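Asker: This is the structure, below, for whatever I ask next.
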Amino acid sequence: MDFGTFLVQCLNSVQYGLLLFLVASGLTLIFGIMGVINLAHGSFYMIGAYMAFSLAPLFGDQFLLMLVAGVVLAAIFGYVLEWAFFSYLYQRDHLQQVLMTYGLILVFEELRSIFVGNDVHGVKVPAWLDGSFALGNVMSYPWYRLFASAACIVLAVGLYYVVNRTRLGMMIRAGASNRDMVRGLGIDVKRLYRIVFAAGVALAALAGMIAAPMSSVYPNMGASVLIICFVLVVIGGIGSITGALVASLLVGFVDTFGKVFFADLAGIGIYLLMAIVLIWKPEGLMGRRP
């Protein structure tokens, strides 16, 4: 492998890992902080991709404005969904959580089939991000993939700041540790969890919107993402945003270079990584010991 190809694969690894982080960070907030096993989280990624497909003709080349509109719609959707369904699951056992969220997957897929159909769709890259730049004498790299990586980095820094440096983040972390004590201090835990859930849905939908121009938009596209995101949460440590970021980058490199060097075994690479991490640190890379 020459240096140009190696550099392109490194950029692809980082871009893929950062995109996974957007989805996994939302799942970490919902699963790690709220204690809900949300199998429907991959559907939020799919909804984001289909929102990009539906909104793109309305916004034209105003891609950033489309992303903002999609995030707002996804956050409102998540807020209402938590109020209508998930608010009843916090005191229920995990089996009931799994059954209800799996039912939501079926509902979302059926609604998608009714309103959009079962065809495979594509989303055009905006004109100002179309094309590529040279990497050496032979290789080139698309501007849009670089934009996707930069956008994910900005969002990761913003998420870290909110969780670790703001009053809202302090309440979120306190609610994850002892919700009864937080409630005793006069904080509306139900409203707090509603905000966290809306943020998790918005992050997953945003990841789907960013990914849509790089790949096809197709039915049940959230299923494979959901499995990988649970792997990321386990590798990084349940409830750790930093752990989700480190795990996402590791999985991005393992999956990308595994497909290059070990194509026949690429499908098991991330699960071998998870097994190695769990043998070494059962609580995950950044998880807290029970």
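Asker: Just name the residue that is most open to solvent (accessible area, probe 1.4 Å) out of those in the range 169-185 that are free of Cβ contacts under 8 Å to residues at least 24 places away in the same chain and aliphatic (A, V, I, L, M).
Answerer: Only one residue fits best here, namely L185.
Asker: Now for a different question. Only residues that are within 19 Å of Y45 (Cα to Cα) and without any contact (Cβ under 8 Å) to a residue 60 or more places away in the chain: list them for the range 89-106, please.
Answerer: M100, G103, L106
Asker: I'd like to check something: does the range 211-218 contain any residue that is more than 30 Å from K124 (Cα to Cα) and either crowded, with 20+ Cβ neighbours inside 10 Å or not aliphatic (A, V, I, L, M) (or both)?
Answerer: no
Asker: Return the residues of the range 204-223 that are in a helix (DSSP H, G or I) and over 26 Å from F6 (Cα atoms); say none if nothing qualifies.
Answerer: Residues satisfying the conditions are A204, A205, L206, G208, M209, G222, A223.
Asker: Could you go through the range 155-168 and let me know if any residue there is over 30 Å from T5 (Cβ atoms), surrounded by 13 or more Cβ atoms within 10 Å (Cβ to Cβ) and either among the acidic types (D, E) or touching a His at 6+ places or on another chain (Cβ under 7 Å) (or both).
Answerer: Looking for residues that are over 30 Å from T5 (Cβ atoms), surrounded by 13 or more Cβ atoms within 10 Å (Cβ to Cβ) and either among the acidic types (D, E) or touching a His at 6+ places or on another chain (Cβ under 7 Å) (or both), one finds none in the range 155-168, hence no.
Asker: Hey, does the range 259-270 have a residue that's modelled with pLDDT of 90 or more and either part of a helix (DSSP H, G or I) or within 30 Å of F108 (Cα to Cα) (or both)?
Answerer: yes
Asker: A follow-up question, please. What is the one condition in (1) at pLDDT below 95; (2) surrounded by 19 or more Cβ atoms within 10 Å (Cβ to Cβ); (3) in a helix (DSSP H, G or I) that V36 does not satisfy?
Answerer: With (1) at pLDDT below 95; (2) surrounded by 19 or more Cβ atoms within 10 Å (Cβ to Cβ); (3) in a helix (DSSP H, G or I) applied to V36, the lone miss is (3).
Asker: Across the range 1-25, which residue is nearest to G42 (Cα to Cα) among those that are among the aliphatic types (A, V, I, L, M) and either under 14 Å from the mean Cα position of the chain (by Cα) or not in a helix (DSSP H, G or I) (or both)?
Answerer: V23
Asker: Quick one: in the range 143-154, which of the residues that are open to solvent by less than 50 Å² (accessible area, probe 1.4 Å) and touching a residue at least 24 places away in the same chain (Cβ under 8 Å) is nearest to V201 (Cα to Cα)?
Answerer: Per the stated criteria, the residue is C152.
Asker: Evaluate the following for F44: is it farther than 30 Å from G237 by Cα, surrounded by 18 or more Cβ atoms within 10 Å (Cβ to Cβ) and not small (G, A, S)?
Answerer: In short, no.
Asker: Assuming V68 fulfils every condition listed in (1) outside any helix (DSSP H, G or I); (2) modelled with pLDDT of 90 or more; (3) farther than 30 Å from L285 by Cβ apart from one, which condition is it?
Answerer: The one condition V68 does not meet is (1).
Asker: Inside the range 138-154, can you point out the residues that are of a type outside the set (F, W, Y) and assigned to a strand (DSSP E or B)?
Answerer: If the condition is that a residue be of a type outside the set (F, W, Y) and assigned to a strand (DSSP E or B), then M139, S140, P142 are the ones that fit.
Asker: List pairs: first residue in the range 236-248 and more than 19 Å from N38 (Cα to Cα) and modelled with pLDDT of 85 or more, second residue open to solvent by 30 Å² or more (accessible area, probe 1.4 Å) and in a helix (DSSP H, G or I) anywhere in the structure, Cβ distance under 8 angstrom, at least six positions apart or on different chains.
Answerer: T242/Y160
Asker: Considering only residues that are small (G, A, S) and either farther than 26 Å from L11 by Cα or assigned to a loop (DSSP other than H, G, I, E, B) (or both), which ones fall in the range 105-137?
Answerer: S113, G117, G122, G131, G136
Asker: A further question follows. Out of the residues in the range 73-118 that are of a type in the set (D, E) and surrounded by fewer than 18 Cβ atoms within 10 Å (Cβ to Cβ), state the one that is nearest to M34 (Cα to Cα).
Answerer: Looking at the filtered set, the residue picked out is D93.
The values are calculated or read from the model by the stated rules, or taken from the named source; none is laboratory data. Being a predicted model, the structure only gives us computed values, none of them experimental. Ideal geometry is used to build each Cβ from the backbone, glycine not excepted, and the neighbour counts take in all protein chains shown. When the accessible area is computed, the model is the full protein with side chains, heavy atoms only, and any ligands, DNA or RNA have been set aside. Shrake-Rupley method; radii C 1.70, N 1.55, O 1.52, S 1.80 Å.
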